[in-house]
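Please see the structure below; I have some questions.
A short reminder: the numbers here are calculations on the coordinates, not readings from a lab. This is a predicted model, so every value here is computed, not measured. Cβ placement follows ideal geometry from the backbone for every residue including glycine, while neighbour counts extend to all protein chains displayed.
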Amino acid sequence: MIPKLVAAQSRRDRIKGVIVQNPYLPYPVRIDDITVETEDKSLKTFKFVFLNPGDEEKFAYRAGQFAELSIAGLGEIPIGIASSPTEKGFIKFTVFKTGKVTSYLHAMKEGDIMGVRGPMGNSYPWDVLEGKNVVIIGGGFAFTTLRSSIVHMLHPDNRSKFKDIHVIYGARSPGMLLYKDELMAWAERDDINMHITVDGTDDPGWKYHKGFVPAVTEQEAPPGSADTYAIICGPPIMIKFTQPVLDKLGYGYDQIIMSLENRMKCGIGICGHCNIGKELVCKDGPVFTLEQLNKTPKEY
């Protein structure tokens, strides 16, 4: 696997003296660390290190973007980037074991070599969000780019750029929450408001919310205002019932920012698998405001 990836990488550089950037060729990376996130072991976080000097700089990304994880001879999958651009020397992805490629990846070990293609798509609109209150709403395993965003905003170089930060994050049970150590550490900070919830638990030591994300959003999210924006990423059912809550709280459609995953395949807007009307989720998104989505066919 290593020779194939390294040889492919070398073809990026020059053909007859002309610099060639083939968007289908992945950067070779090594698995540096694997963390089992959930009690059912269906979600693992992979920490990758680039093999070739300079590739990390080429892989310049912003919180909210995604990439394709490539297994030579098997295929690739689009996954949101879980690490923050402020975290140097590695990139992270949290992968749900659900198909052929993800199952193979879950069986890989530290030190194994694979590929990462990207970064792809747009990001959360950080230029718009600066100077604003930011409410992050997430559910289940769709918390990867939200983790990236939280780490980005809390970095000492960035925290002063944002006003109040609220995070509402839920899972079925405590054992299904992602990034548990970080969640608890954030909950202890005084510069971020963490509202962690589970559908239900019998654990007498559970000290956070019990209930579904939409209900906790109604209880804990600040009211809508000209300087308050909401970022939502989660399962469709959570989004469906959270949107009316934000309407009730007074959030404008241009202040509700959503991240979609819509049958993405090539990642660069060529195959057309992820279109919603004239928009391509992989290229024009995956981040859209609700105002933008209301102008598209209801296919997301």
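Suppose only helical runs count, i.e. DSSP H with n ≥ 4. What mean residue ellipticity at 222 nm does that imply for the chain under -39500 (n - 2.57) per run, divided by all residues and rounded to the nearest 500 deg cm²/dmol? Before the final figure, lay out each step's value.
Working: 10 runs with 74 residues, N = 300.
So the helix-based figure for the chain works out to -6500 deg cm²/dmol.
Now a separate question. Each residue of the stretch 150-161 in order: what ³J(HN,Hα) in whole Hz does its phi give by Karplus 6.51 cos²θ - 1.76 cosθ + 1.60, θ = phi - 60°, with x for Gly and Pro?
Taking θ as phi minus 60°, the curve returns 5, 4, 4, 5, 7, 4, x, 6, 10, 4, 6, 7 Hz for the stretch 150-161.
Nearest 20 debye, what's the magnitude of the dipole of the stretch 133-181 about its Cα centre given +1 on Lys and Arg Cβ and -1 on Asp and Glu Cβ? Before the final figure, lay out each step's value.
Numbers: 6 positive and 3 negative charges, 10 e Å.
The calculation lands at about 40 debye.
Given labels modelled 7 Å from the Cα in the Cβ direction, how far is it in nm from residue 219 to residue 240?
2.4
Return the distance in nm (one decimal) between the two label points of a simple spin-label model at residue 36 and residue 58, each offset 7 Å from Cα along Cα→Cβ.
A separation of 3.6 nm, rounded to one decimal place.
Which of the listed residues, 173, 128, 118, is farthest toward the dipole's positive end in the stretch 116-250, when Lys, Arg count +1 and Asp, Glu count -1 at the beta-carbon?
Of the listed residues, the answer is 118.
Determine the dipole magnitude for the chain: charges of +1 sit on the beta-carbon of Lys and Arg, -1 on that of Asp and Glu, nothing else is charged, the reference point is the Cα centre, and the result goes in debye to the nearest 20. Intermediate values should be presented prior to the final figure.
Details: 35 positive and 36 negative charges, 237 e Å.
The dipole of the chain has a size of about 1140 debye.
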